[in-house]
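S.K.: Take this structure first; my questions come after.
The values are calculated or read from the model by the stated rules, or taken from the named source; none is laboratory data. Bear in mind that the values here come from a model prediction, so they are computed numbers and not experimental data. So basically every Cβ, Gly included, is an ideal-geometry build from the backbone, and we count neighbours across all protein chains shown. Calculation scope for accessible area: heavy atoms of the full protein, side chains included, ligands and nucleic acids excluded. Shrake-Rupley method; radii C 1.70, N 1.55, O 1.52, S 1.80 Å.
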Amino acid sequence: MRTKFTACISMLIILMGLATVPGFSTKAEAAGFAIYEWGSRGNALGGAVIAKADDPSAIAWNPAGITQLEGTHIQAGVAMISPMMDLSTTYNGVTTKSSMTKNTFFPPNAYITHQINDNIWLGVGTFTRFGLGTEFDEKWSGRYASYNTAIESYSFNPNLAYKFNEYVSIAAGLEFMKVRADLRKKLDASGVKDPTTYTFDVDQRILVNGFTPGANAAIHITPNDQWAIGLSWRSKMSHSASGSASYNPSAAAAAALPNSFQDSDVKMTMKTPHMVFAGVEYKPLDNLNFEFDAIWSLWSDYSHLTYEFENVNAIGRTSVTSDKKWNDVWRFQFGVEYLPIEDLALRVGYFYDQSPIPDGYIDYMLPTSDRQNISFGIGWKYENFKIDAAYNYLWMKDRTIEARPTEGILQTEISNSRTHIVSLDLGFEF
């Protein structure tokens with residue numbers, strides 16, 4: 001047993017390494033920039049697994065539930081995420097249509113759980129909780145606010161779970177999150193920010209990396225065979241990421257403002273929110289279950305982004321603060337799972353995810369609104385092996401962004417926002 005457990009840990013470490021490869025971690029649109037693609041079963045059920053918590057992905061959703069897993073379990077998977085969006089910007093009465101550059105991202109996840117004795121379980125997981133990627137042509141009309149934003153993260157999350165009795169289990173863990181941000185936009189050396197001319201454009205790129213600790217806790221309650229309740233919490237995290245700011249001015253910009261575009265070391269600070277997860281599952285039959293969940297995200301924690309430059313930056317300051325003033329919001333999710341035969345599961349799900357971004361603060365880094373999802377999937381088990389697959393279709397409401405000329409934000413209409421997600425997991429138990 002110990003040899004098998006050691007081999008599973010080694011495999012998990014390899015998958016963690018893959019998660020840190022640029023472009024392999026998640027960058028996708030979300031309500032806020034929280035994402036929940038933590039496993040194919042959860043994806044198929046719209047995320048409604050907080051009360052179930054009976055497979056290894058419970059480490060992400062509700063680690064107290066891993067006390068339902070006897071022996072050692074390992075699970076690994078990947079999602080393929082393809083977001084799309086159209087924007088129409090208006091400047092001086094002229095409207096220009098643009099589309100977000102089509103990209104596909106492949107966030108992995110991996111989990112292992114191990115029963116130490118009748119009361120104590122260890123669970124370790126790596127998955128992505130925050131990320132976004134919005135890319136446009138670098139000459140698009142909104143380039144003075146942003147033309148390419150990528151925030152990637154992965155979490156390493158060890159947990160200990162304790163089973164009091166057949167009804168109640170609790171868990172607590174530490175989360176270590178690595179964050180990488182790559183932020184690109186154009187500056188206008190003339191100060192006019194006229195999107196129809198490129199003469200004085202300066203390309204700015206801020207690239208930073210950081211590593212932040214956090215904590216989590218959970219409880220799982222099964223009052224009888226038909227009902228299950230899950231509650232979990234993840235802490236606010238204060239991120240400090242260091243890196244560089246680089247500038248590439250046009251010839252005209254360099255001539256107009258000589259020595260103004262010096263590369264510099266930079267530190268970016270921000271906070272990601274407290275999150276509270278709650279779910280209730282009802283099983284009217286042994287082969288049929290329904291679950292409803294709610295997630296409360298305290299996005300008011302994400303009040304601003306601050307950049308500290310070692311050298312005076314291109315606009316003559318060593319410190320820049322971008323106010324966010326986001327709202328606390330809810331996500332509601334519902335899933336149905338039916339087993340027509342013992343080892344085959346059919347799943348459908350839905351969620352509604354509120355956007356935390358108020359009018360007056362929405363920008364091109366994250367041009368989103370409330371989003372909805374429908375999903376379906378299948379799971380099959382053969383002896384100690386299992387496979388799960390899911391498809392998700394997400395869409396967002398159209399939204400208007402009012403012009404904020406000093407920030408490079410134009411009058412903008414967001415439309416036709418949709419995302420396709422296909423995911424696959426493999427699992428083993430020993």
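S.K.: Cut-off under 24 Å on the C-alpha distance; same-chain residues fewer than 8 positions from K139 excluded. Which lysines are left, in chain and number order?
M.R.: Result set, ordered by chain and number: K27, K97, K102, K185, K186, K193.
S.K.: Positive end of the dipole of the chain, charges at C-beta (+1 Lys, Arg; -1 Asp, Glu), about the Cα centre: which of T272, T67, G123 has its Cα farthest in that direction?
M.R.: It is T272.
S.K.: Round to the nearest 10 and report in Å² the accessible area of S240, as given by a 1.4 Å probe over the protein chains' heavy atoms.
M.R.: Spelled out: S240, probe radius 1.4 Å, area about 60 Å².
S.K.: Apply the a/c threshold of 1.5 to the C-alpha gyration tensor of the stretch 56-190 and tell me whether it is rounded, prolate or oblate.
M.R.: Working: a/c = 3.84, a/b = 3.36, b/c = 1.14.
Prolate, since a/c reaches 1.5 and a/b exceeds b/c.
S.K.: Return one number: the angle in degrees, 0 to 90 and rounded to the nearest 10, between the long axis of the Cα atoms of helix 2-19 and the longest principal axis of the Cα atoms of the chain.
M.R.: Tilt of helix 2-19: around 20 degrees.
S.K.: If each residue of separation counts as 0.36 nm, what is the full-extension length gain between I387 and D225 once their alpha-carbon separation is subtracted?
M.R.: So the chain would gain 55.8 nm between I387 and D225.
S.K.: Taking one equal scatterer on every alpha-carbon of the stretch 251-335, how large is log10 of I(q)/I(0) by Debye at q = 0.11, 0.13, 0.16 1/Å?
M.R.: Normalising to I(0) and taking log10 leaves -0.57, -0.65, -0.78.
S.K.: For the stretch 74-182, which trypsin sites (Lys or Arg not before Pro) pass both filters: DSSP loop (anything but H, G, I, E, B) and at most 10 other C-beta atoms within 10 Å?
M.R.: Working: sites: K97, K102, R129, K139, R143, K163, K178, R180; in loops: K102, R129, K139, R143.
Sites meeting the loop and neighbour criteria: K102.
S.K.: Find the centroid of the Cα atoms in the stretch 30-109 and in the stretch 336-353, then give the distance between the two in whole Å.
M.R.: Between the Cα centres of the stretch 30-109 and the stretch 336-353 lies a distance of 17 Å.
S.K.: If contacts are Cα pairs under 8 angstrom and at least 6 residues apart, what is the relative contact order of the stretch 48-112 in percent? Kindly include the intermediate steps, with their values, before the conclusion.
M.R.: Values: 93 pairs, mean separation 20.4, N = 65.
Value for the stretch 48-112: 31 percent.
S.K.: Gap in Å between the Cα centre of the stretch 211-242 and the Cα centre of the stretch 251-323?
M.R.: About 21 Å separates the Cα centre of the stretch 251-323 from the one of the stretch 211-242.
S.K.: Measuring with a 1.4 Å probe in the full set of protein chains, what accessible area per residue, in whole Å², belongs to the chain?
M.R.: On the way: 17970 Å² over 430 residues.
Averaged over the residues of the chain, the accessible area is 42 Å².
S.K.: Here is a follow-up. Is the shape of the stretch 263-397 rounded, prolate or oblate, going by the alpha carbon gyration tensor and its root eigenvalues a ≥ b ≥ c, with a/c under 1.5 for rounded and a/b larger than b/c for prolate?
M.R.: On the way: a/c = 3.20, a/b = 2.47, b/c = 1.30.
Cα axes put the stretch 263-397 in the prolate bin.
S.K.: So for the stretch 244-319, averaging the separation of alpha carbon pairs under 8 Å that are six or more residues apart and normalising by length, what relative contact order in percent results? Could you put the intermediate results ahead of the total?
M.R.: Details: 110 pairs, mean separation 25.5, N = 76.
Relative contact order, the stretch 244-319: 34 percent.
S.K.: Per-residue ellipticity at 222 nm for the chain, helices alone: DSSP H runs ≥ 4 residues times -39500 (n - 2.57), over residue total, nearest 500 deg cm²/dmol?
M.R.: Values: 4 runs with 33 residues, N = 430.
Calculated from helices alone, the mean residue ellipticity at 222 nm is -2000 deg cm²/dmol.
S.K.: Counting Lys and Arg as +1 and Asp and Glu as -1, each charge on the Cβ, what is the dipole of the stretch 300-374 about the Cα centre in debye, to the nearest 20? Don't skip to the answer; put the middle values down first.
M.R.: Values: 6 positive and 12 negative charges, 45 e Å.
That gives a dipole near 220 debye.
S.K.: Now a separate question. Taking H as built 1.01 Å from N, whose amide H comes closer than 5 Å to the amide H of S99, not counting residues under 5 places away?
M.R.: For S99, the qualifying residues are L87.
S.K.: Further, regarding this structure: Using a Cα-Cα cut-off of under 17 Å, which lysines could be cross-linked to K163, ignoring same-chain neighbours fewer than 8 residues away?
M.R.: K163 reaches K52.
S.K.: Of all the accessible heavy-atom surface of the stretch 320-377, with the other protein chains kept in place and a 1.4 Å probe, what percent is carbon and sulfur?
M.R.: On the way: 1480 of 2510 Å².
Reported share for carbon and sulfur atoms: 59 percent.
S.K.: With unit charges on the beta carbons (Lys and Arg positive, Asp and Glu negative) and the dipole taken about the Cα centre of the chain, which residue among G39, T196, I229 sits farthest to the positive side?
M.R.: Selected residue: T196.
S.K.: Find which of Y338, S319, Y352 sits farthest along the positive direction of the dipole of the stretch 306-358, computed with +1 on the beta-carbon of Lys and Arg, -1 on that of Asp and Glu, about the Cα centre.
M.R.: Of Y338, S319, Y352, it is S319.
S.K.: Of the peptides 337-346, 38-47, 84-93, how do they stack up when ordered by the mean number of other Cβ atoms within 10 Å, highest first? Don't skip to the answer; put the middle values down first.
M.R.: Details: 337-346: 14.1, 38-47: 30.5, 84-93: 15.7.
My ranking of the peptides, most packed first, is 38-47, 84-93, 337-346.
S.K.: If a paramagnetic tag sat 7 Å from the Cα of A172 along the Cα-Cβ line, which residues of the stretch 197-222 would have the backbone N under 13 Å from that point?
M.R.: 215-219
S.K.: Given Cα pairs under 8 Å that are at least 6 residues apart, what percent is the relative contact order of the chain? Walk me through the numbers on the way to the answer.
M.R.: Values: 1328 pairs, mean separation 80.3, N = 430.
Reported as a whole number, the value is 19 percent.
S.K.: While we're here: Which FRET efficiency value, to the nearest 0.05, do you get for T406 and A217 by plugging their Cβ-Cβ distance into 1/(1 + (r/R0)^6) with R0 = 41 Å?
M.R.: Plugging the Cβ-Cβ distance into 1/(1 + (r/R0)^6) gives 0.40.
S.K.: Now for a separate question. When the accessible area of the stretch 108-264 is split by element with a 1.4 Å probe, what percent falls to carbon and sulfur? Mind showing how you got there, number by number?
M.R.: Numbers: 3520 of 6370 Å².
Exposed carbon and sulfur together represent 55 percent of the surface.
S.K.: When a/c is below 1.5 the answer is rounded, else prolate if a/b is larger than b/c, else oblate, so apply that to the stretch 33-129 with a ≥ b ≥ c taken from the square roots of the Cα gyration tensor eigenvalues. Could you put the intermediate results ahead of the total?
M.R.: Working: a/c = 4.29, a/b = 3.39, b/c = 1.27.
Prolate, since a/c reaches 1.5 and a/b exceeds b/c.
S.K.: Given +1 on the Cβ of Lys and Arg, -1 on the Cβ of Asp and Glu, and no further charges, what dipole in debye does the chain carry about its Cα centre, rounded to the nearest 20? Could the numbers behind the result be given before it?
M.R.: Working: 35 positive and 45 negative charges, 137 e Å.
Here the chain has a charge dipole of around 660 debye.
S.K.: Report, in debye and to the nearest 20, how large the dipole of the stretch 130-177 comes out about its Cα centre when Lys and Arg carry +1 and Asp and Glu carry -1 on their Cβ. The partial results should precede the final answer.
M.R.: Values: 3 positive and 6 negative charges, 18 e Å.
Charge dipole, the stretch 130-177, about its Cα centre: 80 debye, nearest 20.
S.K.: What FRET efficiency, computed as 1/(1 + (r/R0)^6) with R0 = 56 Å and r the Cβ-Cβ distance, is obtained for V312 and S369, rounded to the nearest 0.05?
M.R.: Values: r = 37 Å, r/R0 = 0.67.
Computed FRET efficiency for V312 and S369 comes out at 0.90.
S.K.: Calculate log10 I(q)/I(0) of the chain for q = 0.11 Å⁻¹, where I(q) comes from the Debye formula with a single equal point scatterer on each Cα and nothing for solvent.
M.R.: -0.82
S.K.: In the stretch 44-100, carbon and sulfur make up what percent of the accessible area (probe 1.4 Å)?
M.R.: Details: 790 of 1560 Å².
Answer for the stretch 44-100 is 50 percent, counting heavy atoms of protein chains only.
S.K.: Mind listing the phi-derived Karplus ³J(HN,Hα) values for the stretch 282-291, rounded to whole Hz, using 6.51, -1.76 and 1.60 with θ = phi - 60°, and x for any glycine or proline?
M.R.: Running phi through 6.51 cos²θ - 1.76 cosθ + 1.60 with θ = phi - 60° gives 10, 10, x, 9, 4, 10, 9, 9, 10, 9 Hz.
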